[in-house]
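Reading through the structure tokens given below for one structure.
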Amino acid sequence: MKTEILTVLKEAPGFVSGQELCGRLGVSRTAVWKVIKQLEEEGYQIEAVRNKGYRLAEAADVITEAEIGSRLRSKWMGRHLVYFPETDSTNIQAKRLGEEGAPEGTLVVAERQTAGKGRRGRTWSSPAGTSIYMSFLLRPNIPPRCAPMVTLIAGLAGAKAVNQVTGLNARIKWPNDLVVNGKKICGILTEMSAEMEGIHYIVTGIGINVNQKEFPEEIRDKATSLLLEGGRCFNRSQLIAGVMEWFEPYVERFLETKDLSLLKEDYEEMLANLNQEVQVLDPAGEYHGVCQGIDKDGQLLVERGDGSLSRVQSGEVSVRGIYGYV
């Protein structure tokens, strides 16, 4: 009921009477009043005027099940939503739910993580009140070798959502980061449970630096937030819903072909490295070249100095720009 009341208040141009809310939801005035009080405790500013009703005075940067649910426009992504004020890791919880049979599209969101994870076992700093920590569950009928492509699709959806909500120019740093003005604002981690014959589930975690005002000195030259780049705070729940809204049609197109052939053009438009010189940190030997985009399997295409074309596989190598982080 909280989600429904919040949605009505957001969509109304003015006050909504208590009687109208009662009629829409089939509940008592007391039940409505209790939900209004709960919303106020969560940080919403709600005007209550006798003979007029209730009006949402100001949108709060609140991450709750009701707030995210009131903003979702996707058909199935995020419709089963699990929220934690604090948890170890949204990826850990999403994998647990995957083992328990949670439906495809399940979204796990936390206000704070105590054991956030990055690539290669790195920790992800996860304080409360400023960032997005989200993971979602997929059960695609694809071979395990196709799973890394989900990371690229999530990056594309994340960049689109950030740009739509903030007006900034977020770009993709292949394969799993988003950057604004050459600094990292987002990391993506995809994990799966699979056997030789197929995938049980895939979990993709996304962390976005939204409203941080500062970073530790050791990463200040590489990391930034949407607030620092945009000069104002942004609503985290709106961004979460935006990622779901963009990801849903992208993953549906991916499942049509089980590759990125239908998304290649969209992805390359957002690729920060495109036509730029990159350094490939390959265990077999580092080399430089010019990024020529991706192939249908999501591999990065790098043209070397001798004119040969190398395909860089995610998980095998790291790619760095010659100058700066990108």
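Residues in region 190-223 that are in contact with a helix residue (DSSP H, G or I) (Cβ under 7 Å, 6 or more places away or on another chain) and outside any strand (DSSP E or B) were compared, and the one that is nearest to Gly155 (Cα to Cα) is Val210. Considering region 78-101, and only residues there that are among the small types (Gly, Ala, Ser) and touching a strand residue (DSSP E or B) at 6+ places or on another chain (Cβ under 8 Å), the residue that is farthest from Glu191 (Cα to Cα) turns out to be Gly78. Right, Leu271: under 21 Å from the mean Cα position of the chain (by Cα) and buried (at least 18 other Cβ atoms within 10 Å of the Cβ) or not? Criteria met by Leu271.
Residues in region 224-253 that are touching a residue at least 40 places away in the same chain (Cβ under 8 Å), of a type outside the set (A, V, I, L, M, F, W, C) and assigned to a helix (DSSP H, G or I): Glu229, Gly230, Arg236, Ser237, Gln238, Gly242, Glu245, Glu248, Tyr250. In region 1-8 there is no residue matching the filter, namely being assigned to a loop (DSSP other than H, G, I, E, B), touching a Ser or Thr at 6+ places or on another chain (Cβ under 9 Å) and surrounded by fewer than 19 Cβ atoms within 10 Å (Cβ to Cβ). Of Gly305, Gly321, Gly293, all but one fail to be at positive phi and either surrounded by fewer than 15 Cβ atoms within 10 Å (Cβ to Cβ) or under 27 Å from the mean Cα position of the chain (by Cα) (or both); the exception is Gly293.
The numbers here are math on the coordinates, done by the rules we state, and not lab data. Bear in mind that the values here come from a model prediction, so they are computed numbers and not experimental data. We place every Cβ from the backbone using ideal geometry, glycine too, and count neighbours over all the protein chains shown.
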